Amino acid sequence: MRHILDTKDLTREDALRLLDTAQEFADVANRSVPKLPTLRGATMVNLFFEDSTRTRLSFEAAAKRLSADVMTFQVQGSSVSKGESLKDTAQTVEAMGADIIVIRHFSSGAAHRLAHSGWVEASIINAGDGTHEHPTQALLDAATLRNRFVPHSRGADLSGLHVAIVGDIAHSRVARSNVFLLNTLGARVTVVGPPELLPTGVEDWPVTASSELDAVVDEGPDAVMMLRVQRERIKGDFQPASGDYVRNYSLTVDRANRLPERAIVMHPGPMNRGVEIASDVADSPRSVIVDQVRNGVAVRMAALFDVWGETP
Ligand code: CP
């Protein structure tokens, strides 16, 4: 692919190719020298207009494991504070040699804009744009589910799995990307949250929507993906840390104990322990939160490899 911008338009074939490639790259981490020459000569720029720990570092680790050169831009301390536009910033990093631009931006649609505006020739990977999408997060979540539930998983999808995504669905780019990708891969998805944190138009999504976490837990999902309440994106006075939110939507030890034996607990991070997830659940044997981070490096290696193949 030339760019990776969302999962809504990712075909089943593209998604499975990325997951299979990630599976092959995962073994590189176990080598004495965890490096391949695959992207030698390529330069990847992390263009981050919003804070990040996991995504930025794992793209950097992925690029280095494939022998690419890496440059990192963070908005704090940059000339954006002097009024420099996205177009001028992108053209500046491309003039310094960027072949692949990994962009995180507060505006929904920023990655699409960069890919289709003609401003730059580089391949674009969306590392999260506003409340729109975060496609590589969904791919690493799918890789985590596949590793756990689908033996001999090469070429296999996620048919038959039931995934509950719980929390602030309305403001979550992770939820959107997961809903589309899980649907493409054949999984059944239930989104759960208080009515004010379910998105307008959710009835048109390929999901079941619920505001009853206890009822969904008792359905016995294979995976429960907890999401942070994105206070920074919430306008108005809804108080997500209130007792009501924790009582009704937190994955407590009691709720986790009612899940089937096989069920796993996921979270894209960053977590607010004691709010959407109890600390003991986050650290429990059913938690795959650290596996998600680990799989993120292999998935991002696959993403870089995929777009580099078509870089002019
Ligand atoms: N999951 C995720 O995007 O985490 P960061 O914000 O730390 O990159």
* Residues of the range 1-14 satisfying the condition of being part of a helix (DSSP H, G or I) and under 13 Å from VAL307 (Cα atoms) -> ASP14
* **Boolean, VAL229 is touching a Pro at 6+ places or on another chain (Cβ under 6 Å) and either assigned by TED's automatic domain parsing to the domain that holds ARG176 or within 16 Å of the ligand (Cβ to nearest atom) (or both)** => yes
* **Considering residues of the range 224-261 that are among the acidic types (Asp, Glu) and at pLDDT 95 or above only, the residue farthest from PRO194 (Cα to Cα)** => GLU261
* Structure fact -> Output for Cβ contacts, cut-off 7 Å, separation at least six or different chains, first residue within 16 Å of the ligand (Cβ to nearest atom) in the range 137-159, second at pLDDT 95 or above and among the hydroxyl-bearing types (Ser, Thr, Tyr), reads GLN137/SER177; ALA138/THR7; ALA138/SER177
* Structure fact -> Out of (1) more than 16 Å from the ligand (Cβ to nearest atom); (2) part of a loop (DSSP other than H, G, I, E, B); (3) not assigned by TED's automatic domain parsing to the domain that holds VAL207, the one ARG113 does not meet is (2)
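How many residues, within the range 240-277, are hydrophobic (A, V, I, L, M, F, W, C), farther than 25 Å from HIS134 by Cα and in a loop (DSSP other than H, G, I, E, B)? Break it down stepwise before answering.
Pass one, the range 240-277, residues hydrophobic (A, V, I, L, M, F, W, C): 241, 246, 251, 253, 256, 259, 263-266, 271, 275, 277.
Narrowing the set further to residues that are farther than 25 Å from HIS134 by Cα leaves 246, 253, 256, 259.
Then drop every residue that is not in a loop (DSSP other than H, G, I, E, B), which leaves 259.
Counting residues in the range 240-277 that are hydrophobic (A, V, I, L, M, F, W, C), farther than 25 Å from HIS134 by Cα and in a loop (DSSP other than H, G, I, E, B) gives 1.
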* To do: Please indicate, with yes or no, whether at least one residue in the range 16-31 is outside any helix (DSSP H, G or I) and more than 16 Å from the ligand (Cβ to nearest atom).
  => yes
* Name the residues in the range 1-22 that are more than 16 Å from the chain's Cα centre (by Cα), at pLDDT 95 or above and open to solvent by 40 Å² or more (accessible area, probe 1.4 Å), would you? -> THR11, ARG12, GLU13, ARG17
* To do: Give me a count of the residues in the range 115-134 that are over 12 Å from VAL307 (Cβ atoms) and touching a helix residue (DSSP H, G or I) at 6+ places or on another chain (Cβ under 6 Å).
  => 9
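Each row is one residue, and each column tells you yes or no for (1) open to solvent by 10 Å² or more (accessible area, probe 1.4 Å); (2) more than 16 Å from the ligand (Cβ to nearest atom); (3) closer than 30 Å to ARG65 by Cα.
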{"site": "GLY220", "(1), (2), (3)": "yes, yes, no"}
{"site": "MET225", "(1), (2), (3)": "no, no, yes"}
{"site": "PRO270", "(1), (2), (3)": "yes, no, yes"}
{"site": "ILE277", "(1), (2), (3)": "no, no, no"}
* How many of the residues making up the range 118-134 are within 16 Å of the ligand (Cβ to nearest atom) and at positive phi? -> 2
* **Cross-chain or 6+ apart pairs with Cβ under 6 Å, the range 184-203 first and assigned by TED's automatic domain parsing to the domain that holds ASN248, then open to solvent by 40 Å² or more (accessible area, probe 1.4 Å) and among the hydroxyl-bearing types (Ser, Thr, Tyr)** => GLY186/SER159; THR190/THR208
* **Test: residue in the range 43-59 that is more than 15 Å from ASN126 (Cα to Cα), surrounded by 14 or more Cβ atoms within 10 Å (Cβ to Cβ) and either within 16 Å of the ligand (Cβ to nearest atom) or not charged (D, E, K, R) (or both)** => yes
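The values are calculated or read from the model by the stated rules, or taken from the named source; none is laboratory data. Treat the numbers as computed from the prediction; the structure is a model and nothing was measured. Positions of Cβ are generated from backbone atoms using ideal geometry, with glycine treated the same way; all protein chains shown enter the neighbour counts. Areas reflect the complete protein model, heavy atoms only, side chains present, ligands, DNA and RNA absent. Shrake-Rupley method; radii C 1.70, N 1.55, O 1.52, S 1.80 Å.
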